[in-house]
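The values are calculated or read from the model by the stated rules, or taken from the named source; none is laboratory data. A quick note: this is a predicted structure, and the numbers were derived from the prediction, not measured. Note that each Cβ is placed from the backbone with ideal geometry, even for glycine, and that neighbours are counted across all protein chains shown. Note: areas computed on protein heavy atoms with side chains; ligands, DNA, RNA excluded. Shrake-Rupley method; radii C 1.70, N 1.55, O 1.52, S 1.80 Å.
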Amino acid sequence: MSESGFGSYGSISAAGGASEGSDQPSQRGAAPAIKTQRPRVRIQEIVPCNVNQLLSSTVLDNVFKVRGITVSQVSIVGVIRGAEKASNHICYEIDDMTTKPIEARQWFGREKVKQLTPLSVGLYVKVFGILKCPAGTKSLEVLKIHVLQDMNEFTVHILETVNAHMMLDKARGDTTVESVPVSPSEVDDAGDNDESRRNFIRDKVLRLIHECPLQEGKSIHELQAQLCDLSIQAIKEVIDYLTLEGHIYPTVDREHFKSAD
């Protein structure tokens, strides 16, 4: 976790790609079927990138991939080439000299943006944001932006970017395959109810966060008050999942979240 309150990048875990079926052999004497599990790379926290990686990323159904790795929340370091204030946001052009500048929009309320002065052109900044592609043009929705106090931060970011993507490539390259015998009925039936319930809870939490009009977003305690049948731990697990999938992001602290849609 950096001094700014955001981690540059987190750990990478391999989650089983097959959600259906039991991991135990059938006890019913049915003809065995082979279930193949492949680890799936999950990116946690914010992934350091350069602008060229973001602008050259592939996007399908709002899922962005850099060299086959799914990314959503990222950080970049560069110089401000342009800064323009609109009615409800400030639009920066951030250039790290790896390709053309990328647009980074920092959203505010209409009244608040009138009182703000954009950061000056020529300043070196670090930007934490969510990768978006409105109207076919990739850009960043700014979560946080701060001016570099030391140019060593630029060098550190480059090293973090190289290290993070090496780790991601290594995790993605782990193609260990387990073959576990299971019965056809287990493949069809086991886990369906649990998965349906998890999806229902995730959809409900996401809807409550999406409908929250507050600038700081919805808090975990507010969610528990509305979802009294769920524990704080269960809600936090749903929050972690939605954050990793890029559906929501933290705002003022790790207890408040807004919808990324």
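Looking at (1) among the hydroxyl-bearing types (Ser, Thr, Tyr); (2) closer than 24 Å to HIS247 by Cα; (3) modelled with pLDDT of 95 or more, which is the only condition SER57 fails?
Of the numbered conditions (1) among the hydroxyl-bearing types (Ser, Thr, Tyr); (2) closer than 24 Å to HIS247 by Cα; (3) modelled with pLDDT of 95 or more, the odd one out for SER57 is (3).
Regarding LYS218, is this residue basic (Lys, Arg), within 22 Å of ARG254 (Cβ to Cβ), more than 18 Å from the chain's Cα centre (by Cα) and at pLDDT 80 or above? I'd like the intermediate steps shown before the answer.
On the way: basic (Lys, Arg): yes; within 22 Å of ARG254 (Cβ to Cβ): yes; more than 18 Å from the chain's Cα centre (by Cα): no; at pLDDT 80 or above: yes.
Here the answer is no, as LYS218 does not meet what is asked.
Which condition number does GLU245 fail, the rest of (1) modelled with pLDDT of 85 or more; (2) within 16 Å of VAL47 (Cα to Cα); (3) surrounded by fewer than 18 Cβ atoms within 10 Å (Cβ to Cβ) being met?
Unmet for GLU245, out of (1) modelled with pLDDT of 85 or more; (2) within 16 Å of VAL47 (Cα to Cα); (3) surrounded by fewer than 18 Cβ atoms within 10 Å (Cβ to Cβ): (1).
Can you name every residue in the stretch 43-99 that is β-branched (Val, Ile, Thr) and in contact with a Ser or Thr (Cβ under 8 Å, 6 or more places away or on another chain)? Even if it seems obvious, please write down each step before you answer.
Filtering the stretch 43-99 for residues β-branched (Val, Ile, Thr) gives 43, 46-47, 51, 58-59, 63, 66, 69-71, 74, 76-77, 79-80, 90, 94, 98-99.
Selection gives ILE43, ILE46, VAL47, VAL51, VAL63, VAL66, VAL71, ILE80, THR99.
Test GLY122 against the stated conditions and say whether it is closer than 19 Å to LEU54 by Cβ, of a type outside the set (A, V, I, L, M, F, W, C), out of contact with any His (no Cβ under 8 Å at 6 or more places or on another chain) and modelled with pLDDT of 90 or more. Let's see the steps before the verdict.
Numbers: closer than 19 Å to LEU54 by Cβ: no; of a type outside the set (A, V, I, L, M, F, W, C): yes; out of contact with any His (no Cβ under 8 Å at 6 or more places or on another chain): yes; modelled with pLDDT of 90 or more: yes.
For GLY122, the condition - closer than 19 Å to LEU54 by Cβ, of a type outside the set (A, V, I, L, M, F, W, C), out of contact with any His (no Cβ under 8 Å at 6 or more places or on another chain) and modelled with pLDDT of 90 or more - is not met.
Among what's in the stretch 202-242 and is part of a helix (DSSP H, G or I) and touching a Phe, Trp or Tyr at 6+ places or on another chain (Cβ under 7 Å), pick the residue that is most open to solvent (accessible area, probe 1.4 Å).
Initially, the stretch 202-242 is screened for residues part of a helix (DSSP H, G or I), giving 202-211, 220-226, 232-242.
Keeping just the survivors that are touching a Phe, Trp or Tyr at 6+ places or on another chain (Cβ under 7 Å) gives 202, 209, 239.
Values: ARG202: 43, ILE209: 5, ILE239: 4 Å².
Taking the candidates together, the pick is ARG202.
From (1) modelled with pLDDT of 95 or more; (2) small (Gly, Ala, Ser); (3) under 21 Å from PHE64 (Cβ atoms), pick out the condition that doesn't hold for GLY136.
If we test GLY136 against (1) modelled with pLDDT of 95 or more; (2) small (Gly, Ala, Ser); (3) under 21 Å from PHE64 (Cβ atoms), just (1) comes out false.
Looking only at the stretch 248-260, which residues are among the charged types (D, E, K, R) and open to solvent by less than 40 Å² (accessible area, probe 1.4 Å)?
Taking the stretch 248-260 and keeping what is among the charged types (D, E, K, R), we get 253-255, 258.
Hits for the stretch 248-260: nothing passes.
Restricting the search to the stretch 125-168, which residues are assigned to a strand (DSSP E or B), over 18 Å from the mean Cα position of the chain (by Cα) and surrounded by 18 or more Cβ atoms within 10 Å (Cβ to Cβ)? It would help to see each step written out before you state the result.
Filtering the stretch 125-168 for residues assigned to a strand (DSSP E or B) gives 125-132, 139-147.
So of that shortlist, the ones also over 18 Å from the mean Cα position of the chain (by Cα) come out as 125, 146-147.
VAL125 - this is the single residue of the stretch 125-168 that is assigned to a strand (DSSP E or B), over 18 Å from the mean Cα position of the chain (by Cα) and surrounded by 18 or more Cβ atoms within 10 Å (Cβ to Cβ).
Among the residues of the stretch 35-45, are any under 17 Å from the mean Cα position of the chain (by Cα), modelled with pLDDT under 85 and either open to solvent by less than 30 Å² (accessible area, probe 1.4 Å) or β-branched (Val, Ile, Thr) (or both)? If you could, list the steps in order and put the result at the bottom.
Taking the stretch 35-45 first, the residues under 17 Å from the mean Cα position of the chain (by Cα) are 40-45.
Next, only the ones that are modelled with pLDDT under 85 stay: 40-45.
In the following step, the residues that additionally are either open to solvent by less than 30 Å² (accessible area, probe 1.4 Å) or β-branched (Val, Ile, Thr) (or both) were identified as 41, 43.
Within the stretch 35-45, one or more residues are under 17 Å from the mean Cα position of the chain (by Cα), modelled with pLDDT under 85 and either open to solvent by less than 30 Å² (accessible area, probe 1.4 Å) or β-branched (Val, Ile, Thr) (or both).
Can you tell me which residue in the stretch 170-190 is farthest from ASN88 (Cα to Cα), limited to those that are modelled with pLDDT of 50 or more and surrounded by 11 or more Cβ atoms within 10 Å (Cβ to Cβ)? Explain how you work it out, then say what you get.
Looking only at the stretch 170-190, we keep the residues that are modelled with pLDDT of 50 or more, and these are 170-174.
Next, from what is left, pick out any that are surrounded by 11 or more Cβ atoms within 10 Å (Cβ to Cβ): 170-172, 174.
Details: LYS170: 41, ALA171: 40, ARG172: 40, ASP174: 45 Å.
Once the filter is applied, the top-ranked residue is ASP174.
Name every residue in the stretch 65-119 that is at pLDDT 90 or above, open to solvent by less than 20 Å² (accessible area, probe 1.4 Å) and farther than 23 Å from ILE46 by Cα, in order of residue number.
Residue satisfying the conditions is GLY82 alone.
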